[in-house]
């Protein structure tokens with residue numbers, strides 16, 4: 001259940017630094033070559049041309065940086081517009097509780113409990129719940145997760161036609177070499193008619209060897225697709241398996257807004273401060289949020305005697 005690693009130096013900064021170094025080297029080389037072969041007037045003219053060229057190059061680099069920044073901002077505005085178009089403002093998650101029980105083999109049982117609320121004067125018939133899993137690249141496609149059970153207000157629903165396969169892609173990062181990322185969406189029927197504003201949803205999802213990097217670094221991913229007041233996440237190992245916050249992670253809870261590749265460092269630090277270890281990994285947040293993707297980084301550990 002790993003997501004692509006988001007890291008690296010900004011291309012704009014790298015280009016600007018490269019241009020500056022090139023200009024300095026050009027000036028130095030010119031001075032060395034002309035020091036003993038030209039008079040002061042000729043040297044001054046050559047240096048003027050070098051500085052003109054350097055100024056023009058710097059202007060072009062700055063123009064490219066500004067253009068790249070504007071394109072990134074426009075892309076972000078478009079993504080926010082898409083978020084506004086596809087996320088219902090009439091639905092609110094008062095509380096979301098995730099419980100993932102992981103086996104030593106990298107499988108697990110994922111239970112989600114949602115307290116859903118809608119405005120009293122609107123009718124809401126469906127909500128969408130994303131599910132993320134990963135598998136080895138040679139494994140059969142779309143076998144890493146399956147929906148076992150769906151309960152809405154105590155009523156069990158047929159799950160055979162309740163989910164869509166959305167995206168299957170390669171996972172980046174050295175520790176995730178040879179893994180494939182799979183994203184699903186579960187369609188949940190909710191009986192929120194005019195005058196009935198609340199319901200409770202429970203989903204049970206089975207992960208089938210979907211955490212092959214369990215003993216290196218894995219992550220549990222959460223998309224906040226609806227306005228959510230409270231998130232409570234428990235990651236627990238079964239049998240002799242223990243789960244710990246990953247020692248390799250830059251942030252224990254990594255946040256990116258609206259599925260953007262850029263990590264929100266401030267939000268990541270804030271949420272990581274509430275991540276605890278005790279009978280597994282526990283993250284709880286009571287800050288109302290929308291449009292964020294969160295990854296809880298964790299790693300499995302077993303006593304040597306239990307593996308043999």
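Which parts of region 125-146 would a label at residue 248 reach, counting a residue when its backbone N lies under 18 Å from a point 7 Å out along Cα-to-Cβ?
133-137, by backbone N distance to the label point.
Starting with the fewest neighbours, write out 228, 109 ranked by other beta-carbon atoms found within 10 Å of each beta-carbon. Before the final figure, lay out each step's value.
Numbers: 228 21, 109 16.
Ordered from fewest to most neighbouring Cβ atoms within 10 Å, 228, 109 come out as 109, 228.
Relative contact order, percent, of region 91-307 when contacts are C-alpha pairs under 8 Å separated by at least 6 residues?
Working: 540 pairs, mean separation 57.3, N = 217.
For region 91-307, the relative contact order is 26 percent.
Taken together, the values in this text are just the output of simple stated rules run on the coordinates, not laboratory data. Fair warning: this is a prediction, and the values are worked out from it, not measured in the lab. Glycine gets a Cβ as well: all are built from the backbone with ideal geometry, and neighbour counts include every protein chain shown.
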